[in-house]
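S.K.: Handing you this structure, nothing more for now.
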Amino acid sequence: KPQLLKASPGDFMRPASRTRASHSPQANGIGVQVEDTKICVVMVGLPARGKSLIAQKVVRYLEWLSITAKCFNVGNYRRAGTPQPNASFFDTSNKEGEQLRKAAAEAAVTDMCKWFKTTDNLIAILDATNSTKTRRRWIKERCDAENIETIFVESKCDDEDLIMSNILEVKTTSPDYKGMDPEEAARDFRNRIKMYEKVYETLDEDEADLTYCKIIDVGSKVIINRIQDYLQSRVVYYLMNLHIKPRSIWISRHGESEFNLSGQIGGDANLSSRGQMYAKVLPDLVKQSAGDAPLTVWTSTLKRTAQTARWLPYEKLSWKALDELDSGVCDGLTYAEIEQQYPEDFKARDEDKYNYRYLGGESYRDVVIRLEPIIMELERSENILIVTHQAVLRCIYAYFMGSSQKKSPWMEVPLHCLIKLTPRAYSTQEERLHADVPAVSTFREKGSAAVHQDSGEASTRPSPVISGQTKG
Ligand code: ATP
Ligand code: F6P
């Protein structure tokens, strides 16, 4: 029988083993608690403290792990009635402003409670300043009444230079200031912060009964209080690893391997002679993109990635978690042979490539689960170059770009191409550099058995191609 495993929120708690027995969702280590728990992550903090950025990252991370999450941004609700307020709107002595802001918070919380009524909707983020104890108590009571757990996440930061650069980076282009001169917008935003400062109350011992995580100075200090369950602790651990230092992540598949040439999947083959050429030019390609920036190279434990990284003059680390998707009984076969020997499986994989698990092997979903520690480590790290495999690269790329589970297993990622990802506020910028070394294409289109085609002679390839793309 074809191996299809559907989404289950607790999947990431314990990676499924690679046996057929683990096919049943019950055998997947899904804690009942996780399936039943609904959590509202309540952001707390003055404006321009990175709350929305943190909220969006948490949603992207959870969605990548198949945990349905949604951000409710109170600013968007407020904008529906008051699209372009000036700072005085946020003055607490402005009664009309106060009423409108409370109404926006009410509308967001009401929508959130409705959203939680749908099965599988597990984590909501309430993104607002929630800057007073009274407001936080009100949210807690609303959530308690609906059996929704609350975890308050405060970002506290008093570094004036950082706040000013945050304002210039993201606030002057906010819809609140559409059409306004950036300097004037920055001045008004600074005044808006002053209004909030008058009433802002940080989380403290008066609120010792609340579950909270207080992130001080972008994680240089973190205080956690009453974290209750596994899912909450995963979110907190993720938050503790975030930083905002500028950096990039480079990802490349290994150089062309002997198996790529013969069209076989999996295995632990050596590089072909063209693969070795790619390994030789890779240091220059990296240098061209990274300059003299320090970086660390991560490879899988398979020979082809170590051979590809061989000439790179950086510290190297090999990870089992970066090994290629395990194709089980199909390991070593070509796609045409799989279609012939396992026609039902071949069809099932095309129908739902993300969830299809090879007999005795893995699915894309399984790979995402085992990559979770890699993502955590990537968030903690600065410049990293990952030399890995087609399926693994697609999963890592999907995390940064927020690609859907339907699309990501079909993403075209050629051999001998270096992808540079640079996280920015609210988006990741992408650049691709192609090496001037030809290679077969290992891409298999849906419904085809893929003839592995040669990309042509070196001289016909443009080199290098740099393309920029930013996705939210
Ligand atoms: P507002 O209340 O106006 O919505 P906000 O707190 O949601 O503001 P963001 O819009 O998320 O602020 O601000 C993004 C900026 O904050 C980015 O420039 C990002 O680099 C920076 N940032 C991210 N995390 C933090 C943090 N923990 N502390 C301070 N700044 C941060
Ligand atoms: O063909 C190269 C390869 O890395 C195989 O080892 C692996 O099974 C395959 O790509 C993954 O790609 P897909 O999921 O598209 O079959």
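The values are calculated or read from the model by the stated rules, or taken from the named source; none is laboratory data. Not measured: the values here are computed from a predicted model. Cβ atoms come from the backbone with ideal geometry, glycine included; neighbour counts cover every protein chain shown. Side chains are part of the model used for accessible areas, which takes the heavy atoms of the whole protein and leaves out ligands, DNA and RNA. Shrake-Rupley method; radii C 1.70, N 1.55, O 1.52, S 1.80 Å.
S.K.: With everything on Cα atoms, drop me the angle between helix 364-380 and the longest principal axis of the chain, reported from 0 to 90° to the nearest 10.
M.R.: 60
S.K.: Moving to a separate point now. Please get the size of the charge dipole for region 185-290, origin at its Cα centre, with Cβ charges of +1 on Lys and Arg and -1 on Asp and Glu, quoted in debye to the nearest 20.
M.R.: Roughly 640 debye, rounded to the nearest 20.
S.K.: Follow-up. Where does helix 133-145 land angle-wise versus the long Cα axis of the chain, in degrees 0 to 90, nearest 10?
M.R.: Long axis of 133-145 versus the principal axis of the chain: about 60 degrees.
S.K.: Roughly how many percent of the accessible protein surface of the chain is carbon and sulfur, given a 1.4 Å probe and a whole-percent answer? If you can, show how the numbers build up before the last one.
M.R.: Numbers: 10470 of 20710 Å².
The computed percentage sits at 51.
S.K.: Follow-up question, since we're still on this one. Between 0 and 90 degrees, rounded to the nearest ten: what's the tilt of helix 273-290 against the longest Cα principal axis of the chain?
M.R.: With rounding to tens, the tilt is 20 degrees.
S.K.: Once every DSSP H run of n ≥ 4 in the chain is given -39500 (n - 2.57) and the sum is divided by its residues, what mean residue ellipticity at 222 nm do you get, rounded to the nearest 500 deg cm²/dmol?
M.R.: -11500 deg cm²/dmol
S.K.: Dipole of the chain (Lys/Arg Cβ +1, Asp/Glu Cβ -1, origin at the Cα centre): which of LEU282, ALA391, ILE139 lies farthest to the positive side?
M.R.: It is ILE139.
S.K.: Follow-up question, since we're still on this one. So what is the relative contact order for region 147-240, in percent, with contacts set as C-alpha pairs under 8 Å and at least six apart?
M.R.: Contact order relative to length: 37 percent.
S.K.: Moving on to the next point. Determine the relative contact order of the chain: mean sequence separation of Cα pairs under 8 Å and six or more apart, normalised by residue count, in whole percent.
M.R.: 17
S.K.: Moving on to the next point. Rounded to the nearest 0.05, what FRET efficiency is calculated for TYR426 and LYS347 with R0 set to 56 Å and r the Cβ-Cβ distance?
M.R.: 0.90
S.K.: I'd like to check one number: the per residue accessible area of the chain, probe 1.4 Å, reported in Å² as a whole number.
M.R.: Working: 20710 Å² over 472 residues.
Normalised by residue count, the accessible surface of the chain is 44 Å².
S.K.: If R0 is 25 Å, what FRET efficiency do you get for ASN270 and ASN241 from their C-beta distance, rounded to 0.05?
M.R.: Working from the Cβ atoms, E equals 0.10.
S.K.: Each residue of region 57-63 in order: what ³J(HN,Hα) in whole Hz does its phi give by Karplus 6.51 cos²θ - 1.76 cosθ + 1.60, θ = phi - 60°, with x for Gly and Pro?
M.R.: Per residue, the Karplus-derived 3J(HN,Hα) values read 5, 4, 4, 5, 5, 5, 4 Hz.
S.K.: What is the distance in Å between the Cα centroid of region 336-354 and that of region 279-316?
M.R.: With region 336-354 and region 279-316 each reduced to a Cα centre, they are spaced 34 Å.
S.K.: Over region 257-398, what is the mean sequence separation of C-alpha contacts under 8 Å (at least six apart), divided by residue count, expressed as relative contact order in percent? Write out the running numbers ahead of the final one.
M.R.: On the way: 207 pairs, mean separation 39.2, N = 142.
Answer for region 257-398 is 28 percent.
S.K.: Another one. Would you mind computing, in nm to one decimal, how far apart the modelled labels at ASP181 and ASN147 are, each placed 7 Å from Cα along Cα→Cβ?
M.R.: 5.7
S.K.: Between the alpha-carbon centers of region 87-103 and region 423-439, tell me the distance in whole angstrom.
M.R.: Here the answer is 45 Å between Cα centres.
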